[in-house]
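Colleague: Below: one structure in structure tokens.
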Amino acid sequence: DFYIGLRNDRIASLRKYPAVSTDDKQALNRALIEEYIHCSFDSAFSVGRQNLDLATSTGIPEVIAESKIDLAKIFIQGGYFREAAEQLDGIGTDELDDEHRIEVLMARFFLELVFSLLGINRIRICRR
């Protein structure tokens with residue numbers, strides 16, 4: 001209960017933060033995602049979608065990739081592996097700088113590791 005109270009205090013504090021610029025809003029959303037991801041899938045997903053919408057409005061490939069990776073992490077945490085794969089597969093790495101390309105590849109590797117450890121056939125689960 002003590003730790004839940006601390007987390008709720010951090011979330012309340014973040015919610016009071018006056019985010020004006022798109023960068024501020026994205027940083028705030030990423031901090032909220034980190035707080036929500038382990039306790040509330042719905043809240044983490046909602047903030048993750050908002051952040052992806054903000055990122056898409058910037059048109060900056062690296063910012064969009066970061067938001068898609070965050071959303072994929074939320075999906076993985078919630079057990080939505082197909083949706084996580086769709087987010088990661090939707091990131092084109094050709095237009096990214098090296099740092100972000102590595103981040104995308106590491107996220108894809110992590111998802112493949114999850115599939116392998118759970119004995120899930122990625123091709124079967126991701127086929128529509």
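The values are calculated or read from the model by the stated rules, or taken from the named source; none is laboratory data. Everything numeric here is computed off the predicted structure, so don't read it as measured data. Neighbour counts are summed over all protein chains in view; Cβ atoms, including those assigned to glycine, are modelled from backbone coordinates with ideal geometry. Surface areas here come from the heavy atoms of the whole protein model, side chains and all, with no ligands, DNA or RNA. Shrake-Rupley method; radii C 1.70, N 1.55, O 1.52, S 1.80 Å.
Colleague: Just for the range 7-55: of the residues that are among the charged types (D, E, K, R) and farther than 28 Å from residue 86 by Cβ, which one is nearest to the chain's Cα centre (by Cα)?
Modeller: 24
Colleague: Another question, if that's okay. If a residue must be within 12 Å of the chain's Cα centre (by Cα) and either of a type in the set (A, V, I, L, M) or open to solvent by 40 Å² or more (accessible area, probe 1.4 Å) (or both), how many such residues does the range 56-69 contain?
Modeller: So the answer is 6.
Colleague: Could you please tell me which pairs satisfy a Cβ distance under 6 Å, a separation of 6+ or placement on different chains, a first residue in the range 38-67 that is of a type in the set (Phe, Trp, Tyr), and a second residue that is at pLDDT below 95?
Modeller: From residues that are of a type in the set (Phe, Trp, Tyr), the pairs are 41/78.
Colleague: Here's something else I'd like to know. If a residue must be out of contact with any Ser or Thr (no Cβ under 9 Å at 6 or more places or on another chain) and open to solvent by 60 Å² or more (accessible area, probe 1.4 Å), how many such residues does the range 70-102 contain?
Modeller: 13
Colleague: Further question: Under 7 Å between Cβ atoms, at least 6 apart or on separate chains: pull out the pairs that start in the range 2-29 with a residue that is modelled with pLDDT of 90 or more and end on any residue that is surrounded by 12 or more Cβ atoms within 10 Å (Cβ to Cβ) and not in a helix (DSSP H, G or I).
Modeller: 25/19; 28/17; 28/19
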